[in-house]
Amino acid sequence: MKVRVAVNGFGTIGKRVADAVGLQKDMEVVGVTKTKPDFEAKLAIKRGYKLYVAIPEKAEAFERAGLPIEGTIEDLLDKADIVIDCSPGKVGAENKAKYYEKRGIKAIFQGGEKKDVAEISFNALANYDLAKGKQYVRVVSCNTTGLVRLIYLIKENFGVRKVRAVMIRRVVDPKEDKKGLVNGISPDPVAVPSHHGPDVQTVLPDVNITTTAFKVPTTLMHIHSIMMELESDAKADDIIDVLEKEPRILLVSKEDGFTSTAKIIEFAREFRKRYDLFENIVWRDSISVVDGELYLTQAIHQEAIVIPENIDAIRAMLELADKEESIKMTNESLEIGKLKI
């Protein structure tokens, strides 16, 4: 019997989560929600998803728009074993208090929520087993997911004394047309550290990390410039060998034409729906070790990188599979690891 998954919020993350759930042999999407009858609501119906209203008071707006709905969020939750909350930041916590706790339904939240919304912050590689049986889990943000994956791999293989990372952040997602920088670079925040370091520590509590962040006027991806003091001797080739073996890391190089995030996205358009990149994109050319300190640069596709983590979180919380089995199933269904250059 398949696990019945509700997706609360069919937006940037929600539509990708729904599609990913639909690819799993042990899961099915029982419905998705929208707050208004816009083009994404129509798209959900066209794709065969049962549509529910996220805010019950707005049901009439859907009826006036001629969109067939199955009911409200409350009706959807009655049909689900678990809900993935993909609503905007802070709304997830409101949904937890208003709906999820009352029904006793397990819920997965996104990185826009504070860590206290859940029992643990989650990354499949780093702490899958800690999510087993949990009622509430928070999948950390796109930047934190990219940082945790990388730091975990280096820490497990070489040990890490300290991490310093500079986040060069896309200002908004591509579809956002009401906000964003047009001509400027904004320290975000001005003070050090940015929230990314403390967020990494919600998953890897013993990692010494300091982060800074800047917003730039682009929508495609984030860039991380990372420096790690290693505990053991390692050469660049040793680092490359570890990263090449991990499907959720994709190594690229300037030699192959990957000179910017624009080129990375252009490459992904040829192979992936919506040009989704679930992997950390690490420039092979950037990897160097100088006096025991590792330097590298990676790119993070903010719209897609957390999708496999949501799928693995479902299996962990419902104890459907162990870590290795779940990650393998997720990777195969999303073709993670197939884009090796």
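The values are calculated or read from the model by the stated rules, or taken from the named source; none is laboratory data. For clarity, every value in this text was computed on a predicted model and none was experimentally measured. Glycine gets a Cβ as well: all are built from the backbone with ideal geometry, and neighbour counts include every protein chain shown. Side chains are part of the model used for accessible areas, which takes the heavy atoms of the whole protein and leaves out ligands, DNA and RNA. Shrake-Rupley method; radii C 1.70, N 1.55, O 1.52, S 1.80 Å.
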- How high is the FRET efficiency between Ser288 and Thr219 when r is their beta carbon distance and R₀ equals 30 Å, given to the nearest 0.05? 0.50
- Task: Give Lys36/Lys114; Lys132/Lys340; Lys98/Lys328; Lys58/Lys90; Lys134/Lys175 a once-over and call out the pairs whose C-alpha atoms are over 29 Å from each other.
- Result: Lys132/Lys340; Lys98/Lys328; Lys134/Lys175
- Note on the structure: Of every hundred units of 1.4 Å-probe accessible area on the stretch 152-305, the number belonging to carbon and sulfur atoms, as a percent, is 49
- Query: Using mean Cβ contacts within 10 Å as the protection proxy, how do 195-203, 227-235 order, highest first?
  - Reply: 195-203, 227-235
- Query: Of Val200, Phe62, Ile287, whose Cα points farthest to the positive end of the dipole of the chain (charges on the beta-carbon: +1 Lys, Arg; -1 Asp, Glu; origin at the Cα centre)?
  - Reply: Phe62
- Cα-based Lys proximity count in the stretch 211-289, under 21 Å, for pairs eight or more positions apart or on separate chains: 6
- Query: When you count, for each residue, the other Cβ atoms within 10 Å and take the mean per peptide, how do 72-84, 236-248 rank with the highest first?
  - Reply: 72-84, 236-248
- What is the dipole size for the stretch 280-341, taken about its Cα centre, with +1 at each Lys and Arg Cβ and -1 at each Asp and Glu Cβ, in debye to the nearest 20? 200
- Task: Could you check how much of the accessible area of the stretch 1-100 is carbon and sulfur, as a whole percent, using a 1.4 Å probe?
- Result: 51
- Using only alpha carbon pairs under 8 Å that are at least six residues apart, calculate the relative contact order of the chain and give it in whole percent. 17
- Item | Karplus 3J(HN,Hα) series, Hz, for the stretch 7-21 with 6.51 cos²θ - 1.76 cosθ + 1.60 (x for Gly, Pro) | 10, 8, x, 9, x, 3, 7, x, 5, 6, 4, 4, 4, 5, 4
- Going residue by residue through the stretch 132-140, the Karplus relation 6.51 cos²θ - 1.76 cosθ + 1.60 with θ = phi - 60° gives ³J(HN,Hα) values, rounded to whole Hz and with x marking Gly or Pro, of 4, x, 5, 7, 10, 10, 10, 7, 5
- Note on the structure: So, with points 7 Å from each Cα along the Cβ direction, the Glu101-Ile240 label distance in nm works out to 5.3
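Taking the solvent-accessible surface of protein heavy atoms with a 1.4 Å probe, what is the per residue accessible area of the chain in Å²?
Details: 15020 Å² over 341 residues.
With the other protein chains kept in place, the chain gives 44 Å² per residue.
Kindly sort Ser288, Ser326 by accessible area of their heavy atoms, largest first, with the probe set to 1.4 Å.
Values: Ser288 45, Ser326 0 Å².
From most accessible down to least: Ser288, Ser326.
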- Message: Over the stretch 1-108, what is the relative contact order in percent, taking alpha-carbon pairs closer than 8 angstrom and at least six residues apart?
- Response: 29
- Query: In what sequence, largest accessible area first, do Ser194, Ser260 appear using a 1.4 Å probe?
  - Reply: Ser260, Ser194
- Task: Determine ³J(HN,Hα), in whole Hz, for all residues of the stretch 232-248 in sequence, where each value follows from phi through the Karplus function 6.51 cos²θ - 1.76 cosθ + 1.60 and θ = phi - 60°; x replaces Gly and Pro.
- Result: 10, 5, 8, 9, 4, 5, 5, 5, 4, 4, 5, 5, 5, 7, 9, x, 8
- Compare Arg103, Arg161, Arg272 by solvent-accessible area with a 1.4 Å probe and give them largest first, with all protein chains kept in place. Arg161, Arg103, Arg272
- Note on the structure: Sorted by chain and number, the residues with a modelled amide H under 5 Å from that of Phe122, at a separation of 5 or more or across chains, are Arg138, Val139, Val140
